[in-house]
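Shown next, in structure tokens, is the structure this report addresses.
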Amino acid sequence: MLTGYCPIYECEPLPDPEAQPYHHRWLIVDQDGRALSAKQRPKLKEIQLSLSFGYLVLKGEGMLRMDIPLDVIEDDESVVSEIHAGMRRLRIVDEGDLAAAWISNFLGVQGRLVKIHPDEKPL
């Protein structure tokens, strides 16, 4: 049963109703562009999420916090790519190397934080 809203797919949900518009807007993918699941990587559930002043805030034990802007207008098509998530083909925007380093260091495997393009339905 859903007890909140989960901005990053497979991470713990937030009880904050302000997170509803961001439910499943991000996911973490491996180097091949496949979404990581909490079953594969249980440490995904240890990422602490919050919303603060227009940012999605990621925290994890032993890590500095990472702030990701919530509402960025994606008008640069050069940063947009596609992945397959289940039976869906999704346009995504990579959140960059700093976010990838944070994710990779925390999980202990190569990973990237990607945002589902605003024109796409969330997962």
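Since every read-out is calculated from the coordinates, none of them should be taken as a lab result. The structure presented is a predicted model; accordingly, all values stated were derived computationally and were not measured. Every residue, glycine as well, gets a Cβ built from its backbone with ideal geometry; the counts of neighbours run over all protein chains shown.
Numbers for the structure displayed
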{"read-out": "Between segment 1-66 and segment 69-86, the alpha-carbon center distance in angstrom", "value": "17"}
{"read-out": "P(r) tail fraction, the chain - alpha-carbon pairs more than 23 Å apart, %", "value": "24"}
{"read-out": "FRET efficiency estimate (nearest 0.05) - Cβ-Cβ, M87 to E46, R0 41 angstrom", "value": "0.90"}
{"read-out": "Percentage of interatomic Cα-Cα distances in segment 60-99 larger than 11 Å", "value": "75"}
{"read-out": "Residue among H117, I103, Q40 farthest towards the positive dipole end of the chain, charges placed on Cβ", "value": "Q40"}
{"read-out": "Partners for K115 among lysines (Cα-Cα distance below 19 Å; same-chain residues under 8 apart left out)", "value": "K45, K59"}
{"read-out": "Extension gain from N105 to S37, taking 0.36 nm per residue of separation minus the Cα-Cα distance", "value": "22.8 nm"}
